[in-house]
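The values are calculated or read from the model by the stated rules, or taken from the named source; none is laboratory data. Everything numeric here is computed off the predicted structure, so don't read it as measured data. When we count neighbours, we look across all protein chains shown, and the Cβ atoms used for this are built from the backbone with ideal geometry, even at glycine.
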């Protein structure tokens with residue numbers, strides 16, 4: 001029993017716990033939902049959007065005229081005020097009597113111009129005398145260098161020939177000296193053998209003695225005497241004669257050697273003198289300068305001459321251009337003098353000016369002086385908007401909108417109920433104050449009720465195009481990254497739908513009073529947020545307006 005009661009108790013506690021947990025979850029979600037930002041949405045659709053450009057501007061005259069005065073003049077009275085309509089001939093300003101400083105300055109300028117012109121006419125013609133003298137001297141230097149080169153060329157050939165002859169003489173001296181040494185050795189050897197003449201006489205005596213012995217032998221044989229001794233003497237004498245012949249022959253060569261030695265020594269003396277003469281010649285030719293030096297000198301002289309000629313040609317060309325420029329300057333100076341003379345004459349005629357009148361009908365748009373101020377020629381006293389020139393209105397538009405407008409387009413005037421009023425696009429130009437973002441559209445306006453200073457609201461561009469994504473204008477937001485919309489995203493949960501916002505960057509292609517055609521990250525049937533109770537961020541959870 002106790003176990004059964006315990007189980008029932010546990011079951012009841014668990015049931016109560018689950019019910020409490022569900023109640024807390026439900027109420028916590030409900031409380032949290034009421035704390036979320038409340039948003040209103042509209043669906044994205046496809047459709048047509050009118051490309052209309054709107055803006056407003058102030059009516060001005062189509063042109064304006066500066067009111068100026070000649071000379072420095074003290075303002076006595078200002079006869080008009082800004083916004084006054086004036087007729088041609090109406091007096092605008094009066095001046096006190098005084099000196100016309102502009103006339104004095106103009107006359108001084110004329111004198112200076114005439115003086116400068118006279119000086120320019122006295123400019124001397126260019127003088128090239130010194131240049132021509134320098135060129136003449138350079139030509140003479142070049143001729144001397146060429147002559148020196150030709151001489152050096154001949155000298156170079158002679159030097160080469162002299163060196164070659166000297167080398168040959170040295171070789172001949174060396175060979176002759178070698179020959180003398182050999183001959184001297186032979187002569188010394190022959191000198192030990194005896195005297196040639198004495199040996200020749202000895203040979204002759206021996207031959208005579210041999211002849212006598214042979215005669216004695218013949219007599220002894222005829223007489224039947226013993227010839228052995230005579231035969232032996234004949235043999236000895238013949239042997240001595242044979243020996244003497246050889247010695248005489250050898251001594252004969254010794255004489256030839258001595259003669260040849262004498263001749264060789266004479267030749268050596270001659271060659272030595274020749275060598276000395278050739279060495280002197282080589283020394284003299286070498287001292288005269290090399291051919292390479294002469295060629296270098298010719299090259300340098302040529303370059304110097306060419307440089308002088310080029311410099312003169314360039315100077316003549318520059319002088320010719322300068323002369324043409326001077327002629328143009330003189331022509332311009334003469335015209336400037338004529339213009340200044342006309343200005344002086346005009347200032348003389350207006351020197352007694354006491355007042356300034358309106359040159360045409362118009363409206364006073366600006367006054368820059370007051371009574372007692374000094375008016376100067378370089379600053380306008382006032383600006384007149386000329387009525388006969390018509391009226392214009394200028395409006396600023398975005399650069400992207402300028403693509404929807406063309407010169408000649410008719411515009412609607414939305415705040416003026418006048419059947420005679422009309423507006424036409426006259427000009428489209430870049431806004432110089434913000435050239436990257438804005439353009440200025442100038443409208444030419446007409447109408448009986450149009451007046452200067454009036455503010456007109458204009459619209460132009462009625463062409464309709466169809467777009468796949470059209471959103472309400474109040475759904476489009478913009479930050480530093482560009483234009484975007486917030487798309488409502490829905491996710492189902494067990495406790496109901498959960499809503500979050502997602503940023504979608506877009507490009508606005510066209511807009512009318514209520515809607516815009518866009519391209520980018522938004523598509524037909526998406527819900528875009530048009531209003532919220534709190535600032536929204538990408539990914540934030542929200543709740544729908546009840």
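Structure above, values below:
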quantity: Condition check for residue 380: closer than 30 Å to residue 110 by Cα, at pLDDT 80 or above and assigned to a loop (DSSP other than H, G, I, E, B); calculated: yes
quantity: Hey, residue 403 out of contact with any strand residue (DSSP E or B) (no Cβ under 6 Å at 6 or more places or on another chain), surrounded by 12 or more Cβ atoms within 10 Å (Cβ to Cβ), closer than 25 Å to residue 508 by Cα and without any contact (Cβ under 8 Å) to a residue 12 or more places away in the chain or not; calculated: yes
quantity: Positions within segment 489-512 being more than 24 Å from residue 402 (Cβ to Cβ) and surrounded by 18 or more Cβ atoms within 10 Å (Cβ to Cβ), in sequence order; calculated: 499, 501, 504
quantity: Those residues of segment 426-451 which are under 15 Å from residue 61 (Cα atoms) and surrounded by 17 or more Cβ atoms within 10 Å (Cβ to Cβ), in sequence order; calculated: 426, 442, 443, 445, 447, 450
quantity: Test for residue 484: is it assigned to a strand (DSSP E or B), at pLDDT 85 or above, over 30 Å from residue 43 (Cβ atoms) and within 50 Å of the chain's Cα centre (by Cα); calculated: no
quantity: Residues (part of a strand (DSSP E or B) and surrounded by 15 or more Cβ atoms within 10 Å (Cβ to Cβ)) located in segment 523-540; calculated: 527, 528, 529, 530, 532
quantity: Condition check for residue 393: touching a helix residue (DSSP H, G or I) at 6+ places or on another chain (Cβ under 8 Å), at pLDDT 80 or above and in a strand (DSSP E or B); calculated: no
quantity: Failed item in (1) assigned to a helix (DSSP H, G or I); (2) in contact (Cβ under 8 Å) with a residue 24 or more places away in the chain, with residue 167 passing the rest; calculated: (2)
quantity: Candidates 473, 438 - the one that is outside the structural domain of residue 411 (by TED's automatic domain parsing) and under 30 Å from residue 414 (Cβ atoms); calculated: 473
quantity: Segment 264-276 residues that are more than 10 Å from residue 177 (Cβ to Cβ) and assigned by TED's automatic domain parsing to the domain that holds residue 171, paired with ones that are at pLDDT 85 or above and surrounded by fewer than 16 Cβ atoms within 10 Å (Cβ to Cβ) (beta carbon under 8 Å, 6 or more apart); calculated: 275/170
quantity: Some residue of segment 257-272 being out of contact with any helix residue (DSSP H, G or I) (no Cβ under 7 Å at 6 or more places or on another chain), more than 29 Å from residue 167 (Cα to Cα) and surrounded by 13 or more Cβ atoms within 10 Å (Cβ to Cβ); calculated: no
quantity: Residue that is modelled with the highest pLDDT, among those in segment 491-522 that are touching a strand residue (DSSP E or B) at 6+ places or on another chain (Cβ under 6 Å) and in a loop (DSSP other than H, G, I, E, B); calculated: 522
